[in-house]
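J.: Sharing a structure with you now.
Computed from the coordinates by the stated procedures, all read-outs in this text should not be read as laboratory data. Not measured: the values here are computed from a predicted model. Using ideal geometry, Cβ is built from the backbone for each residue, glycine included, and neighbour counts are taken over all protein chains shown.
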Amino acid sequence: MGPLKKAWHFIWYDDSLLSWIVNLVLAFVIVKFIVYPGIGLLLGTQFPIVAVVSGSMEHNGMDFNSWWEENGQWYEERGITKTEFEDFRYTNGFNKGDIMFLKGVEAKNIKVGDVLVYETSSYSNPIIHRVVEVRNGDFITKGDNNNKEDKPVSPNQIEKTGIAVFRLPLLGWIKIWFVTVFTLRG
C-alpha cells in the first residue's frame with residue numbers, strides 16, 4: 001500500500017486516538033482556512049458567521065403581539081409602527097447561542113429594521129442589534145430586549161461585518177462554551 005493510501009486509510013478508517021486527533025485538527029484547519037473564508041467571499045464580509053453572545057435581542061419567549069404590547073411604545077415614539085416592525089427580518093428577535101450569517105453591505109443600503117453587526121471598542125465582541133434610525137449617515141441601533149438605543153454607529157464600524165441574513169438556532173452555544181472554558185482556564 002502506497003503512502004497516500006496509508007494516509008487515507010489512517011484518516012478515514014483507523015479508529016485510534018491519534019487518528020481522531022488528526023481528524024479534529026484537519027477539520028479545524030479546513031473550516032478555519034477554507035470554509036469560513038469561502039463563505040466570507042461569497043457573502044462579501046470578513047466575518048460571515050457570528051455567535052450571539054448576549055440576550056439583547058431576545059423576546060423572552062413571548063409571541064410577537066405580547067412582546068409588542070410591552071415594547072411597542074418605544075418604537076412607535078420613533079415612528080416605527082407595529083405593521084412596519086412585522087415586515088422586519090427577525091421580527092421575533094433571536095437568542096443568545098444562535099448563529100447568525102452575515103452579508104456584507106454598503107452603508108448606503110442599510111435601512112431601518114436591518115439587523116446590523118458592528119464593532120466597538122467598548123466591547124470585545126461585535127454587537128448585533130436592529131437599526132432603528134438612520135441619522136446624519138450614522139446608524140442608531142437598539143437590542144430588541146434593551147430599554148434604550150445604542151450610541152450612533154458610523155459606517156466604518158461595519159466595514160468588516162454586515163447585516164444578518166440567516167439564523168441557525170442554538171449552535172453558537174458550542175463557541176460560547178469553548179470561549180468560557182478556555183477563559184476560565186487562562
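J.: Can you tell me what the convex hull of the Cα atoms of the chain projects to on average, as an area in nm²?
T.: Values: hull surface 56.4 nm².
Result: a mean projected hull area of 14.1 nm².
J.: How long are the three semi-axes of the equivalent ellipsoid of segment 14-73, in whole Å, if each is the root of 5 times an eigenvalue of the C-alpha gyration tensor, listed from largest down? Each step should come with its number before you reach the end.
T.: Details: eigenvalues 325, 68, 13 Å².
Over the Cα atoms of segment 14-73, the semi-axes work out to 40, 18, 8 Å.
J.: What's the lysine pair count for segment 46-185 at a Cα cut-off below 23 Å, pairs eight or more apart or interchain?
T.: 24
J.: Among VAL25, VAL153, VAL112, VAL52, rank each residue by its count of other Cβ atoms within 10 Å, from fewest to most, as a rough exposure measure.
T.: Numbers: VAL25 10, VAL153 22, VAL112 18, VAL52 27.
Going from least to most buried by this count: VAL25, VAL112, VAL153, VAL52.
J.: Cα to Cα, under 20 Å, and not fewer than 8 places away if on the same chain: which lysines meet these conditions relative to LYS6?
T.: Within the straight-line limit of under 20 Å, LYS6 reaches no lysines at all.
J.: Multiplying the sequence separation of PHE64 and PHE178 by 0.36 nm and subtracting their Cα-Cα distance, what value in nm do you get?
T.: 37.8 nm is the gain from fully extending PHE64 to PHE178.
J.: Take LEU168, LEU116, LEU4 and order them by how many other Cβ atoms sit within 10 Å, fewest up front.
T.: Details: LEU168 13, LEU116 24, LEU4 8.
Taking fewest neighbouring Cβ atoms as first place, the list is LEU4, LEU168, LEU116.
J.: Using the 10 angstrom Cβ neighbour count as an exposure proxy, how do SER19, SER56 rank, fewest first?
T.: Going from sparsest to densest Cβ surroundings: SER19, SER56.
J.: Just to verify a number: FRET efficiency for PHE33 and THR91, C-beta to C-beta distance, R0 = 35 Å, to 0.05? Walk me through the numbers before you get to the answer.
T.: Numbers: r = 36 Å, r/R0 = 1.03.
That pair, PHE33 with THR91, gives E of 0.45.
J.: Determine the calculated [θ] at 222 nm for the chain from helices alone, applying -39500 (n - 2.57) to every DSSP H run no shorter than 4 residues and normalising by the residue count; nearest 500 deg cm²/dmol.
T.: That calculation yields -10000 deg cm²/dmol at 222 nm.
J.: I'd like the FRET efficiency for ASN156 and THR83, computed as 1/(1 + (r/R0)^6) with the beta carbon distance as r and R0 of 41 Å, rounded to 0.05. Could the numbers behind the result be given before it?
T.: Numbers: r = 33 Å, r/R0 = 0.81.
Using R0 = 41 Å, I get an efficiency of 0.80.
J.: Could you work out the longest stretch of the chain that avoids the trypsin sites (Lys or Arg not before Pro) located in DSSP loops with at most 14 other Cβ atoms within 10 Å? Intermediate values should be presented prior to the final figure.
T.: Details: sites that count: ARG78, ARG89, LYS111, LYS148.
Answer - 1-77.
J.: For the chain, which span is the longest to avoid every loop-located (per DSSP) member of GluC sites (Glu not before Pro) having at most 12 other Cβ atoms inside 10 Å?
T.: Excluding the exposed sites themselves, the longest stretch runs over 107-186.
J.: Tally Lys and Arg at +1 and Asp and Glu at -1 over the other residues with C-beta under 13 Å from the C-beta of TYR123: what net charge comes out?
T.: Here the charged neighbours net out to -1.
J.: Further question: If you take the square roots of the eigenvalues of the alpha-carbon gyration tensor of segment 85-186 and sort them as a ≥ b ≥ c, do you get rounded (a/c under 1.5), prolate (a/b over b/c) or oblate?
T.: Because a/c hits 1.5 or more and a/b exceeds b/c, segment 85-186 counts as prolate.
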